[in-house]
Amino acid sequence: MSEVKLSAETRTEFGKGAARRVRRENRVPGVLYGHGTEPLHLTLPGHELLLALRTPNVLISLDIDGKTNELAIPKAVQRDPLKGFLEHVDLLLVKRGEKVTVEIPVHTEGELAPGGYLLEHVLNALPVEAEATHIPEAVTVSVEGLEAGASIHAKDITLPSGTTLAVEDDAVVLQVLAAQAEEAAEGEETAGEEAAEA
């Protein structure tokens with residue numbers, strides 16, 4: 001679990017105009033909340049935050065106004081739908097040793113059995129509970145040799161020590177489907193015949 005240190009400043013101006021001014025300075029408006037405390041409105045360095053958020057569930061050590069240090073994990077990130085820059089970030093206050101519920105990415109390794117099968121990710125991320133300072137970055141699941149009809153459930157996935165499932169044991173995470181090649185080929189023939197008639 002990587003920990004990233006960021007310097008944050010408290011924010012006193014609110015609204016769209018203030019948020020635009022913050023973004024022009026290459027900073028990102030955000031809010032820090034949790035543990036029954038009043039939400040704290042912050043600005044964070046844009047580039048450093050963008051790099052930190054490349055790691056799922058990154059642990060962020062915030063130096064706020066050079067006075068206080070807090071640990072947080074990202075809960076919600078808003079991006080500009082066209083340009084992709086960060087518009088706003090919600091951070092959840094955490095303490096060392098505290099358990100938090102997060103979603104971790106599911107990666108696969110290995111090849112499916114021959115036959116043109118398709119692997120469907122029913123859950124792209126696996127909900128788990130882990131200590132805030134030891135959140136796994138991802139889990140890797142082998143799909144070697146699986147055929148159509150095979151599925152991998154949450155209980156089948158080996159989790160790192162200290163991490164527990166936060167979803168039903170029998171929740172389907174991955175499943176193997178038979179490819180619809182014959183139907184697709186028939187559709188192409190029909191399309192070709194229609195084009196020839198036109």
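The values are calculated or read from the model by the stated rules, or taken from the named source; none is laboratory data. Please read these numbers as outputs of a predicted model, since none were measured by experiment. Positions of Cβ are backbone-derived with ideal geometry, glycine not excepted, and every protein chain shown enters the neighbour counts. What goes into the accessible areas is simple: the full protein's heavy atoms, side chains included, and nothing from ligands, DNA or RNA. Shrake-Rupley method; radii C 1.70, N 1.55, O 1.52, S 1.80 Å.
Points to keep in mind about this one:
- DSSP beta bridges in the chain [antiparallel fraction, %, rounded to 5]: 75
- Sequence-distant residues sharing a close amide H with His153 (under 5 Å, placed H): Val173
- Nearest-0.05 FRET efficiency for Glu48 and Leu159, computed from C-beta distance (R0 35 Å): 0.70
- The HN-Hα couplings worked out from phi for the stretch 130-138 by the Karplus form 6.51 cos²θ - 1.76 cosθ + 1.60 (θ = phi - 60°) are 8, 5, 4, 8, 9, 7, x, 6, 6 Hz, whole numbers, x standing for Gly and Pro.
- Between Lys83 and His121, the contour length at 0.36 nm per residue exceeds the alpha carbon distance by 10.9 nm.
- In the chain, helical runs assigned H by DSSP with n ≥ 4 each contribute -39500 (n - 2.57); averaged across all residues and rounded to the nearest 500, the mean residue ellipticity at 222 nm is -5000 deg cm²/dmol.
- What the phi angles of the stretch 152-166 give under the Karplus curve with 6.51, -1.76 and 1.60, with θ = phi - 60°, is a coupling list of 10, 9, 4, 5, 7, 8, 7, 9, x, 4, x, 10, 10, 5, 10 Hz, glycine and proline written as x.
- Per the Debye calculation on the stretch 79-183 with a single equal scatterer at every Cα and no solvent contribution, log₁₀ I(q)/I(0) for q = 0.10, 0.13, 0.16, 0.25 Å⁻¹ amounts to -0.40, -0.62, -0.81, -1.25.
- Surrounding net charge for Ala72, when Lys and Arg each add one and Asp and Glu each subtract one, Cβ distance under 13 Å: -1
- For the stretch 107-176, the list of GluC sites (Glu not before Pro) that fall in a loop by DSSP and count at most 16 other C-beta atoms within 10 angstrom reads Glu111, Glu137, Glu144, Glu147, Glu168.
- Database remark: amide H of Val141 closer than 5 angstrom to the amide H of His107, Thr108, Glu109 (H placed geometrically; neighbours at sequence offset of 5 or more, or on other chains; Pro and chain starts carry no H).
- Shown are Val4, Val173, Val77, whose ranking by accessible area with a 1.4 Å probe and every protein chain present, most to least, is Val77, Val4, Val173.
- Using a probe radius of 1.4 angstrom, the carbon and sulfur fraction of the accessible surface of the chain is 48%.
- Point-to-point label distance, Asn26-Thr101, nm (Cα→Cβ direction, 7 Å offset): 3.9
- Listed by chain and number, the lysines whose alpha-carbon sits under 29 Å from that of Lys83, ignoring those within fewer than 8 places in the same chain, are Lys5, Lys16, Lys75.
- Net charge of the neighbourhood of Asp156, taken over other residues with C-beta under 11 Å away and scored Lys/Arg +1, Asp/Glu -1, is -1.
- A quarter of the convex hull surface defined by the alpha-carbon atoms of the chain gives 16.8 nm² as the mean projection.
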